[in-house]
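None of the figures in this text is laboratory data; all of them are computed from the coordinates on show. The structure presented is a predicted model; accordingly, all values stated were derived computationally and were not measured. We place every Cβ from the backbone using ideal geometry, glycine too, and count neighbours over all the protein chains shown.
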């Protein structure tokens, strides 16, 4: 990635270059002295800080999707709950990096909670004993408040989330991201450069419209050197609650996630059906998998999720060995 | 900038995947069917969907003395489209840009495209309230006759983000024309039982709460979903569907509004 700042003069050699501050283009640049002193080519001190802070976190997983509304937050919360319910000794943290549209507080049912600041950093909000969450949603006064920020401010927030939250010892840190391949994603990857990210989990729906953007996200992962743990296909089939017939609401005209995964050689972890009760559980923030039997999602959602969880655990264990 | 454009319609939503691009393209196609000259600008730089939906993938944008020439859907040039998708060589290519670069591309899209005379310019946006949106707002402030159409789905998770977008519109002073609720129910093709997959009535109550006009709710209709990728207009292909009714009414309303002004 180029280190040329966006507001640099023409022919800027880039702040990380050996010629930084010495090239002819640098004459007259207000930052010439900083570049020439070699200070600019030092890595961002935050990277080291974040490495220290997250040294007690075993596996860090980014949840990505080029497309919005495919269920990144839902899948993140399901996986978070799923991992946490495997054993009380497994500690899971969720970081909501969607600054402009934070959904995790609602999906996990902890809206209106407060984040406290202590000597060791921000303490996250605990959803259960071993599942904690940090989101910008906790810092907003009202649900109507909009966070109208350009990139650099969002980056600052993500840096703070990564370096100042006191997660304690974690087995898994799931980072839920907004749609796209822009500031939030680049920042998360760059700040985590030294912290050994296990990989990225991509979420998609079966239509080509969504796969198109997910292809771009896979290209992004390759460009920044992020391992793709696998793809989860969400909303793949709809079972009518009345007549139990199956229908494809979002038809996989181009073969769905399976065909894309074959084409781009990334693993497909599984498919989750479109489940109205799951959508409702997300709105009310209930724990979908342990809800009373009558309201619990159909067994196939449960099984599909279990399979996806097993594959994620296996992929993470693989990467740490 | 955009001097020859009579009216600008921004399609916004805080949430992703609620159907902004589907609404934008169907709106543009319906306007075109009614005989208006329409431009469609896709400023979703990281996930451009418009070229795929309109079946225009692989077309190129040409440069002329007056600026970039949009890709036209028809030989009469009544619907012009511009998207970053036309500038990419492969559909697998990602556009990894930070804010300032996105800002300058959007400025170029707004200033350097040779739209010619347009009755309507529909602008499709990415989700959120960040760089793209701030840039568009700042630049469109000088353009009269600009309003926003918000798109939501009925669940609380989406409504929550759209409430943020309403605040954004109010803060930046852009008039909200109204709210469309998408994916509001699904009729089982087998037993005709209507299931509210993503809950129901959320759009209507949000419109009442925020005191903005409600423009109608569009159900989940796989027939409409299948039109994506073919560039076909729902009003023409599926005249009896609820989707066509909502878009037909919306365009009639737009026609009345602009006649009243002129």
In Å, the C-alpha Rg and Dmax of the stretch B:54-140 are 13.5, 37
Defining a contact as two alpha carbons under 8 Å apart and six or more residues distant in sequence, what relative contact order in percent does chain B show? 25
Which value in nm describes the separation of the simple spin-label points at residue A:246 and residue A:129, placed 7 Å from the Cα toward the beta carbon? 3.9
Note on the stretch B:1-89: alpha-carbon gyration tensor, axes a ≥ b ≥ c; rule is a/c under 1.5 for rounded, else prolate if a/b larger than b/c, else oblate; result rounded
Given R₀ = 41 Å, FRET efficiency for residue A:166-residue A:227 by Cβ-Cβ distance, to 0.05? 0.90
The alpha-carbon pair-distance distribution computed for the stretch B:179-262, with 10 angstrom bins and whole-percent values, is 16, 39, 34, 9, 1
Quick check: the distance between the Cα centres of the stretch B:199-262 and the stretch B:126-178, to the nearest angstrom? 18
How would you rank A:96, A:6, A:89, going from fewest to most other Cβ atoms within 10 Å of each one's own Cβ? A:89, A:6, A:96
What is the stretch A:137-295 by shape, rounded, prolate or oblate, if you read a ≥ b ≥ c off the alpha carbon gyration tensor as root eigenvalues and call it rounded for a/c under 1.5, prolate for a/b larger than b/c, and oblate otherwise? oblate
When B:252, B:152, B:103 are ranked with the fewest other C-beta atoms within 10 Å first, the list becomes B:252, B:103, B:152
Most mobile of B:97, B:31, B:12 in a GNM of chain B (Cα contacts under 10 Å): B:97
Taking all pairs of different Cα atoms in the stretch A:47-320, averaging 1/r and flipping that mean, what Kirkwood radius in angstroms comes out? 18.8
Roughly how tilted is helix A:151-164, in degrees to the nearest 10 and between 0 and 90, from the longest Cα axis of chain A? 70
When B:183, A:157 are ranked with the fewest other C-beta atoms within 10 Å first, the list becomes A:157, B:183
Taking every residue of A:94-105, the Cβ atoms of other protein chains inside 10 Å of its Cβ average out to 4
FRET efficiency estimate (nearest 0.05) - Cβ-Cβ, residue B:101 to residue A:48, R0 25 angstrom: 0.35
Tell me what chain B gives for mean residue ellipticity at 222 nm when only DSSP H runs of n ≥ 4 count, each as -39,500 (n - 2.57), the sum divided by the residue total, rounded to 500 deg cm²/dmol. -11000 deg cm²/dmol
Taking the stretch B:90-139, how much of its Cα-Cα pair set, in percent, is spaced more than 12 angstrom apart? 71
Over the stretch B:1-47, how many percent of alpha carbon pairs lie in each 5 Å bin up to the one with the longest distance? 4, 18, 27, 24, 16, 9, 1
Cα-based shape type of the protein assembly as shown, given that a ≥ b ≥ c are square roots of the gyration tensor eigenvalues and the cut on a/c is 1.5: oblate
Quick one: if you stick a label point 7 Å off each Cα along the C-beta vector at residue B:111 and residue A:259, how many nm between them? 4.3
Over chain A: helical MRE at 222 nm, DSSP H runs n ≥ 4 each giving -39500 (n - 2.57), nearest 500: -10500 deg cm²/dmol
Average beta carbon contacts from partner chains per residue of A:134-145, 10 Å cutoff: 2
Taking the Cα-to-Cβ direction at residue B:92 and at residue A:317 and moving 7 Å from each Cα, how far apart do the two end points lie in nm? 3.2
Given chain B, what whole percent of its Cα pairs are spread farther than 27 Å? 33
Whole-Å distance linking the alpha carbon centroid of the stretch A:8-54 with that of the stretch B:58-119 is 34
Euclidean distance of C-alpha centroids, the stretch A:222-243 and the stretch A:191-212, integer Å: 10
Once you average over the residues of B:130-142, how many Cβ atoms of partner chains fall within 10 Å of each Cβ? 3
